[in-house]
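Remarks on the structure that follows.
Derivation of every value follows stated rules applied to the coordinates shown; laboratory data play no part. As the structure is a computational prediction, the values presented were derived from the model and not from experiment. A quick note on method: Cβ atoms are made from the backbone with ideal geometry, for glycine too, and the neighbour counts reach across all protein chains shown.
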Amino acid sequence: MAPAIEGMVPAIESSEGNNKMNKGYQYPSWKKKLRGLVVDNEELCRIVEKGIMGLCGVETQAVETGEAAVELIASGATFDIIVIDRFLPSMTGPETARKMREMGVESKIIGLFALYFEGDEEEFVAAGVDDFKEKPLSPNWLVPMLRELDN
Amino acid sequence: MAGTDLRAQLNNFIKAMHDQGILDEHFEHVKGLQNEYNPYFVLEIVSIFCRDAENVIAEVTKFLDEPVVDYVKTIGLVHQLRGGSSSLGGSRMAIACRELRQATQDNKKEECLQALEKVKREFSTLHEKLNVISQMERTILTNEGSMVQCIPSGSIY
C-alpha cells in the first residue's frame, strides 16, 4: 500500500479526473490538466518516473533521448513539467534543457541525477533548469511543485 | 482466506526488508503503480531491474579487471546502476553504488574493487529477496485469477 502524502485525502472509490486511484490512498487532482514529459534513457527509471508523475495527476509522456524530446516539442507538444536525466546517450541532459529554452519552452524543467555530488548541478543550472534532484523521483517531492504549477 | 493470508505474508516480508534497510519507502511508491490495469507491474519492474543490474555489474567488473581502467565508462555504468537501484527502492544497494562512485573519484583500483564487491553482495541479497516477492506476487495473481499465459509486451506502459 502506498504511503500517505501530506495533504492527501483517504481513498475514495472513483474513476473521475485524470488520476489513477490506488486502494488506500488518493493521489492529488488538480484544477488544470497538467502535462509532463520524462526524458530518461534508462528503461526502469523511465517507467517508474512516468508512473510516479501519473500517480501525482500528471498526464505524462516518456522518451529515451534529448533528441526525441526536442522533436516532440518542435511538433507542437506542450508540457507543464519536464524531467530530464543528466546522462543521455548523445544530447546530454543539460544540452537538452538548453535547447528547449532556446526554443522558447517556459515549462518547469527539472534536472535528474542518478548520483549527485555537490557542484554537479552547475551545468544543468546554466542550461536553464528550474530545479534538480537526485533519483528517485518521489511524490513527496513532486506534489508541492505541482501545486504551484496548478495555482 | 488464502489470498488475504498471502497478501499479508507478502506485506510482512516487505516490511522486514524495510526494517533491514534493503528496501526504502520508494518501493511502496513503485508498488503503488500496480493496479487492475497493470497487475504485473511489480513483476516486470523486478525483472527489468535484475536483468539490467546483472549486465551492468558484469560490465563494471570487466572494466575494473583491465590493466588500465577506463574510469569514465565505469562511472557511467555506476550511475546507471545507482539510478535503477534507487528508482526501485533498493536502498542498501543504492548506497553501495554511491560508495563505488566515490572510489572511482580517486582512480584507486583496489578501493574500486572492494566497493564493487560490496555492490555485488548487496545486489545478491536484494535479488534473492526480490525473487521471493515475485514468487509471492505470482501466486497471489494466480489465486486471484488474473494470471494469463502471455504477458502482452508494453503492458506496463
ask   = Please state the relative contact order of segment B:50-153 as a whole percent: Cα pairs under 8 Å, 6+ residues apart?
value = 22 percent
message = Going by Cα centres, segment B:1-52 and segment A:63-120 are how many Å apart?
response = 31 Å
task = Starting at the first residue of segment B:40-45, write each ³J(HN,Hα) from the Karplus equation 6.51 cos²θ - 1.76 cosθ + 1.60 with θ = phi - 60°, in whole Hz, x for Gly and Pro.
result = 9, 4, 4, 4, 6, 5
Over 28 Å between alpha carbons, listed pairs A:K32/A:K133; A:K31/A:K133; A:K50/B:K109; A:K99/B:K120 = A:K50/B:K109; A:K99/B:K120
task = Kindly write out, for segment A:83-100 in residue order, the coupling ³J(HN,Hα) from the Karplus curve 6.51 cos²θ - 1.76 cosθ + 1.60 (θ = phi - 60°), rounded to whole Hz, with x marking Gly and Pro.
result = 10, 10, 6, 5, 9, 10, x, 10, 7, 5, x, x, 4, 5, 4, 4, 4, 4
ask   = Helix B:91-105 versus the longest principal axis of chain B: what is the Cα-based angle in degrees, 0 to 90, to the nearest 10?
value = 20 degrees
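Where a ≥ b ≥ c are the square roots of the eigenvalues of the C-alpha gyration tensor, would you call segment A:40-151 rounded, which needs a/c under 1.5, or, failing that, prolate if a/b is larger than b/c, or oblate? Present the calculation step by step, with values, prior to reporting the outcome.
Numbers: a/c = 1.24, a/b = 1.08, b/c = 1.15.
The shape class here is rounded.
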request  = Could you state, as a whole-number percent, how many of the C-alpha pairs of the protein assembly as shown are farther apart than 25 Å?
outcome  = 52 percent
query = Taking the DSSP beta bridges in the protein assembly as shown as the whole, what percent of them are antiparallel, to the nearest 5?
reply = 15 percent
request  = May I ask you to list the aspartates and glutamates whose Cα is less than 17 Å away from that of B:K108, ignoring any residue fewer than eight positions away on the same chain?
outcome  = B:D65, B:E66, B:D70, B:E99, B:E117
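For A:A77 and A:A126, compute 0.36 nm times the residue count separating them, minus their Cα-Cα distance, and round to one decimal in nm.
Numbers: separation 49, 0.36 × 49 = 17.64 nm, distance 2.42 nm.
This chain segment gains 15.2 nm when fully extended.
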note = Residue by residue through segment A:47-62, the couplings from Karplus 6.51 cos²θ - 1.76 cosθ + 1.60 with θ = phi - 60°, in Hz, x for Gly and Pro, are 4, 5, 4, 4, x, 5, 4, x, 4, 7, x, 10, 6, 10, 9, 9
request  = Write out the chymotrypsin sites (Phe, Trp or Tyr not before Pro) in segment A:81-151 meeting two conditions: DSSP loop, and at most 15 other Cβ atoms within 10 Å of their Cβ.
outcome  = A:F117
inquiry  = Counting pairwise Cα distances across chain B, what percent come out greater than 22 angstrom?
reply    = 46 percent
Inter-label distance, nm, simple model (7 Å from Cα along the C-beta direction), B:Y37/B:Q114 = 5.0 nm
remark   = Row for segment A:57-112, column shape: gyration tensor on C-alpha, a ≥ b ≥ c, rounded if a/c < 1.5 i.e. under 1.5, prolate if a/b over b/c, else oblate; value rounded
